[in-house]
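So the structure is just underneath, and the comments pick up after that.
The values are calculated or read from the model by the stated rules, or taken from the named source; none is laboratory data. Model, not experiment: these values are computed from the prediction. Virtual Cβ from ideal backbone geometry, glycine too; neighbours counted across all protein chains shown. In case anyone asks, the SASA skips ligands and DNA or RNA and just uses the protein heavy atoms, side chains included. Shrake-Rupley method; radii C 1.70, N 1.55, O 1.52, S 1.80 Å.
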Amino acid sequence: MKNQKMYEADDKMITLIRDNYDLLQMLGSFDISLGFGDKTVQETCEDNGVDTYTFLAVVNFTINGSGEYEGDEQLSVPTLMHYLEASHAYYLDFQLPFIKRELSDSLNPNDSLGQLILRFYDDYSHEIRRHMQYEQKTLFPYVQSLIDGRPSGEYSIETFSKHHREADKKLRELKLLIIKYLPTDGLHNNMLTATLHDIYDNEEWLRQHSMVEDHIFVPAIRRLEKLVKQSDVTRNISDMVFKGAGQSSEALSDREKDVIVSLVQGMSNKEIADHLCISVNTVITHRRNIARKLQIHSPAGLTIYAIINGFVDISSVKL
């Protein structure tokens, strides 16, 4: 990167690219095309349906390598996930095959050591592909289920284990092999040197990609998990109150509902008996049955139940 500063929404997008040309590939992962003229970052993001805050978070973190995003409520998880998915597609579908072609053109196909280097690169590619496919098949569907408010299974972001270290180790060994192998003729030497430069660039790209996952994406998912869990608790309580109440209200007789209304209005057993033209013993029996069916024993609980189920209007209740 060429410049160390924090960019803001009203900065010109061309300024970001001029100062940090490595951001060009990042634009593609955010589905931002070139040709944005003198528009600001915010204008460009809005034109392309990209969350400006999240875009700047990734840009500034990538440039400066610092930032605190734990619990950041402004981060857009759908934007982050789309960015990571597009980055994977770029690396797997373009960058890995591109380096393979460069290596093949740079090495002598009849040279056994050259063939070993190509095989080593294939092993490295397999390791990277395996990791990214794991995210695509396991992590991203899980995150989408969180976005939809329906988390699946026992999976959580804490079980998301990274495999970058092993891949990084393979990449370092590959670079050392190439450096030691550089051929003596000028053409192949220049071609292999250019390839090696691209491999170093890819190593930096992967490092930044991993850092964005660890320091922005994972905290955002951790926060989303907490929100969904809280929503689940609220929904479960609501289900217990409303569904349970609905099921219980069907089991109540009309006379039992009348007794509940009378109790909520503050009547004694005798007053209820007189009001409903039944005996006190019958009132007591109704109350016992109501408590058994609803598992509610306090006047306050019955009042809440009666209000929720529309037996009485809250304005008529003495609180």
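Yes/no matrix, rows are residues, columns are (1) within 44 Å of the chain's Cα centre (by Cα); (2) open to solvent by less than 30 Å² (accessible area, probe 1.4 Å); (3) in contact (Cβ under 8 Å) with a residue 12 or more places away in the chain:
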residue: Ser268; (1), (2), (3): no, no, no
residue: Asp274; (1), (2), (3): no, no, no
residue: Ser279; (1), (2), (3): no, no, no
residue: Thr282; (1), (2), (3): no, no, no
residue: Gln295; (1), (2), (3): yes, no, no
residue: Pro299; (1), (2), (3): no, no, yes
residue: Thr303; (1), (2), (3): yes, yes, yes
residue: Ala306; (1), (2), (3): yes, yes, yes
residue: Gly310; (1), (2), (3): yes, no, no
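Can you pull out the residues in the stretch 295-319 that are in contact with a Gly (Cβ under 8 Å, 6 or more places away or on another chain) and either within 14 Å of Ile260 (Cβ to Cβ) or modelled with pLDDT of 80 or more (or both)?
Selection gives Asn309 alone.
Hey, Met132 hits all of (1) open to solvent by 60 Å² or more (accessible area, probe 1.4 Å); (2) assigned to a helix (DSSP H, G or I) but one; which does it fall short on?
That leaves (1) as the condition not met.
Return the pair list, or none, for Cβ contacts closer than 6 Å from residues in the stretch 112-138 that are touching a residue at least 40 places away in the same chain (Cβ under 8 Å) and over 22 Å from Ile157 (Cβ atoms) to residues that are open to solvent by less than 50 Å² (accessible area, probe 1.4 Å) and not in a helix (DSSP H, G or I), at least 6 apart or on different chains.
Here the result reads Gly114/Leu107, each pair linking the stretch 112-138 to a residue that is open to solvent by less than 50 Å² (accessible area, probe 1.4 Å) and not in a helix (DSSP H, G or I).
Among the numbered conditions (1) open to solvent by less than 60 Å² (accessible area, probe 1.4 Å); (2) at pLDDT below 75; (3) of a type in the set (A, V, I, L, M), tell me where Leu174 comes up short.
Checking Leu174 against (1) open to solvent by less than 60 Å² (accessible area, probe 1.4 Å); (2) at pLDDT below 75; (3) of a type in the set (A, V, I, L, M), the one that fails is (2).
Being modelled with pLDDT under 85 and open to solvent by less than 20 Å² (accessible area, probe 1.4 Å) is the requirement here; does Ala245 meet it?
Yes.
Among the residues of the stretch 66-86, what is the count of those that are in a helix (DSSP H, G or I), closer than 14 Å to Ile216 by Cβ and of a type in the set (A, V, I, L, M)?
4
Give me the residue from the stretch 36-65 that is in a loop (DSSP other than H, G, I, E, B) and farther than 24 Å from Glu213 by Cβ and, out of that set, least open to solvent (accessible area, probe 1.4 Å).
Looking at residues that are in a loop (DSSP other than H, G, I, E, B) and farther than 24 Å from Glu213 by Cβ, I get Phe36.
Which of the residues spanning the stretch 47-91 are among the aromatic types (Phe, Trp, Tyr) and out of contact with any Pro (no Cβ under 9 Å at 6 or more places or on another chain)?
Tyr53, Phe55, Phe61, Tyr83, Tyr90, Tyr91
Report, by residue number, each residue of the stretch 1-35 that is open to solvent by 70 Å² or more (accessible area, probe 1.4 Å) and within 22 Å of Glu85 (Cβ to Cβ).
Asp22, Leu24, Asp31, Ser33, Leu34
In the stretch 187-207, what residues are without any contact (Cβ under 8 Å) to a residue 12 or more places away in the chain and of a type in the set (A, V, I, L, M, F, W, C)?
Hit for the stretch 187-207 is Leu187, nothing else.
Residue-wise test of (1) open to solvent by less than 30 Å² (accessible area, probe 1.4 Å); (2) at pLDDT below 70; (3) closer than 30 Å to Asn309 by Cβ; (4) not acidic (Asp, Glu).
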site: His188; (1), (2), (3), (4): no, no, no, yes
site: Thr195; (1), (2), (3), (4): yes, no, no, yes
site: Ile199; (1), (2), (3), (4): yes, no, no, yes
site: Glu203; (1), (2), (3), (4): no, no, no, no
site: Leu206; (1), (2), (3), (4): yes, no, no, yes
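Listed here are the residues, each with its yes/no results for (1) closer than 30 Å to Glu225 by Cβ; (2) surrounded by 14 or more Cβ atoms within 10 Å (Cβ to Cβ); (3) not hydrophobic (A, V, I, L, M, F, W, C).
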| position | (1), (2), (3) |
| --- | --- |
| Leu80 | yes, yes, no |
| Glu85 | yes, yes, yes |
| Tyr90 | yes, yes, yes |
| Pro97 | no, no, yes |
| Leu103 | no, yes, no |
| Leu107 | no, yes, no |
| Glu127 | yes, yes, yes |
| Gln136 | yes, yes, yes |
| Phe140 | yes, yes, no |
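Leu92 fails exactly one of the following numbered conditions: (1) closer than 30 Å to Asn189 by Cβ; (2) under 18 Å from the mean Cα position of the chain (by Cα). What is the number of that condition?
(2)
Among the residues of the stretch 31-70, write down those that are modelled with pLDDT under 90 and farther than 20 Å from Tyr21 by Cα.
Correct list: Gly67, Glu68, Tyr69, Glu70.
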